[in-house]
Amino acid sequence: MNHLKSAARVAATLVAGLIGAEVCVWLKTPLPWMIGPLLVVAALKMADTPLQFPVPFRAAGQWIIGTSLGLYFTPVINAQLAHYLPWVIVSVLFAMAAGIGGGRLLQRMTGVDSKTAFFAVAIGGSSEMAVQAERNGGRVDLVAAAHSLRILMVVLIIPTIFRLSDVHGTDPYTPGLGHFDLLGLIKLGGLTALVGWFLNRYKIPNAWVIGPLLFTIALTAAGVDWTTLPRWIVNVAQLFIGCALGIRFTKKFIHTAPRYMAGVAVSVLLLMGVMAAFGYVLSLLSGIPAPTAVLATAPGGIAEMSLTAQVLHFGVPVVTVFHVTRVLVMVLSVGPLYRIMKPWLERDLPVTAPEAPPVR
């Protein structure tokens, strides 16, 4: 009976997400297959609707997106990307500095402890930052809530600004493979799934994006021409990711330390502005088209920002390389970085715990 109830809740989540996607397609919003499900599922969850979305569905969405992104990395494109490597490094360093500044600001605005503030604003994967916060004594619930809000704001605001500004992609990047083949899809899907499962088993960050992505890049760079991915498969992946993002916003989320969450929102808005300005300057110095540079440096996740580049026809390989590199560097360095910065972060700042949500 419990299995039937869970299956019904998952089905309801997918139907709600599909309705949201179709409405956004009709309204011609940016990223309709991700934003529509995200908004509808989040609204229903915050209204305490009994929805459910298992982790494997999100993993499936990430697996598809990682595979589809890898098809852009032809030998010609890879040669061009090598030219941008110094700028990728500069971007990662700047993002780390901006995250430290944002954490310090959040600490001042809300009085939250330095550990929680630091990992709440660090521009990395949400699950990885929550784990690091736990290891260093921070509030895991507040860190996870902050990253959920950050991703929501970035996914909603940046594509909308591009659409309202009538910005169109001008980057000459297209997938290297131009035909669909069912047998090729089976081979590509099976092998990329195996790589994703293997990396996930050994707890590699963003394994279901990075594993299929790197494997498909290797194939594409070697000139292996198996298949391309039909648009409907990518839309399904967006639907899964949108539902997975929306399911995080429970009724409890509304009551999570209002002052703290308001501080997170302010910090994220400022962080987006700072990173957008940096992206624009980067475009002037590096020759990367401005919309692509802004998207490549935006404080969002790999799948969400790379999807935005794909749908809006910006430089998918450039955006993907910037975000993958940043996530990998942040995961490896954010713990040691906090311990180095700890004396400065705790200096002259009184710590007060954020208000607790009301007991219900």
- line: If we keep only residues of the range 303-328 that are in a helix (DSSP H, G or I) and small (Gly, Ala, Ser), then the residue surrounded by the most Cβ atoms within 10 Å (Cβ to Cβ) is Ser306
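Can you confirm whether Ala298 is at pLDDT 80 or above and surrounded by fewer than 20 Cβ atoms within 10 Å (Cβ to Cβ)? Write out each step before concluding.
Numbers: at pLDDT 80 or above: yes; surrounded by fewer than 20 Cβ atoms within 10 Å (Cβ to Cβ): no.
No, not satisfied.
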query: Any idea which of Leu31, Leu14, Leu44 is buried (at least 17 other Cβ atoms within 10 Å of the Cβ), within 30 Å of Val318 (Cβ to Cβ) and of a type in the set (A, V, I, L, M, F, W, C)?
result: Leu31
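Collect the residues in the range 43-63 that are within 23 Å of Phe249 (Cβ to Cβ) and in a helix (DSSP H, G or I), keeping them in residue-number order.
The first filter runs over the range 43-63 and keeps only residues within 23 Å of Phe249 (Cβ to Cβ), leaving 43-62.
Within the range 43-63, Ala43, Leu44, Lys45, Met46, Val55, Pro56, Phe57, Arg58, Ala59, Ala60, Gly61, Gln62 qualify.
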- line: In the range 193-228, anything over 30 Å from Val131 (Cα atoms) and surrounded by fewer than 21 Cβ atoms within 10 Å (Cβ to Cβ) is listed as Ala218, Ala221, Ala222, Gly223, Val224, Asp225, Trp226, Thr227, Thr228
- line: Taking the range 281-302 and keeping residues under 30 Å from Ala59 (Cα atoms) and part of a helix (DSSP H, G or I) leaves Pro291, Thr292, Ala293, Val294, Leu295, Ala296, Thr297, Ile302
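Given the residues Gly184, Gly176, Gly190, which is the only one that is modelled with pLDDT of 80 or more and either loosely packed, with under 14 Cβ neighbours inside 10 Å or not in a helix (DSSP H, G or I) (or both)? Steps first, please.
Values: Gly184 fails: either loosely packed, with under 14 Cβ neighbours inside 10 Å or not in a helix (DSSP H, G or I) (or both); Gly176 fails: modelled with pLDDT of 80 or more.
After ruling out the rest, the residue left standing is Gly190.
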message: Condition (residue is crowded, with 22+ Cβ neighbours inside 10 Å, touching a residue at least 40 places away in the same chain (Cβ under 8 Å), closer than 19 Å to Thr292 by Cα and touching a helix residue (DSSP H, G or I) at 6+ places or on another chain (Cβ under 8 Å)) applied to the range 97-120: is it met by at least one residue?
response: no
query: For the range 193-232, how many residues meet the condition of being assigned to a loop (DSSP other than H, G, I, E, B) and either touching an Asp or Glu at 6+ places or on another chain (Cβ under 9 Å) or of a type in the set (D, E, K, R) (or both)?
result: 7
query: Does any residue of the range 247-261 turn out to be touching a Leu at 6+ places or on another chain (Cβ under 8 Å), within 30 Å of Asp141 (Cβ to Cβ), hydroxyl-bearing (Ser, Thr, Tyr) and not in a helix (DSSP H, G or I)?
result: yes
- line: Per the list (1) surrounded by fewer than 19 Cβ atoms within 10 Å (Cβ to Cβ); (2) of a type outside the set (A, V, I, L, M, F, W, C); (3) over 19 Å from Gln107 (Cβ atoms), residue check on Pro258 breaks on (3)
message: Every residue in the range 195-216 that is over 12 Å from Ile65 (Cβ atoms) and of a type outside the set (Gly, Ala, Ser), please.
response: Val195, Trp197, Phe198, Leu199, Asn200, Arg201, Tyr202, Lys203, Ile204, Pro205, Leu214, Phe215
- request: Using the structure shown, decide if Leu269 is surrounded by fewer than 18 Cβ atoms within 10 Å (Cβ to Cβ), among the hydrophobic types (A, V, I, L, M, F, W, C), over 30 Å from Ile64 (Cβ atoms) and touching a residue at least 60 places away in the same chain (Cβ under 8 Å).
  value: yes
message: Looking at the range 86-138 only, could you name the residues that are closer than 18 Å to Pro343 by Cα and part of a loop (DSSP other than H, G, I, E, B)?
response: Gly111, Val112, Asp113, Ala122, Asn136, Gly137, Gly138
task: Inspect all residues belonging to the range 265-273 and state whether any of them is at pLDDT 85 or above, under 17 Å from the mean Cα position of the chain (by Cα) and β-branched (Val, Ile, Thr).
output: yes
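The values are calculated or read from the model by the stated rules, or taken from the named source; none is laboratory data. Not measured: the values here are computed from a predicted model. Using ideal geometry, Cβ is built from the backbone for each residue, glycine included, and neighbour counts are taken over all protein chains shown.
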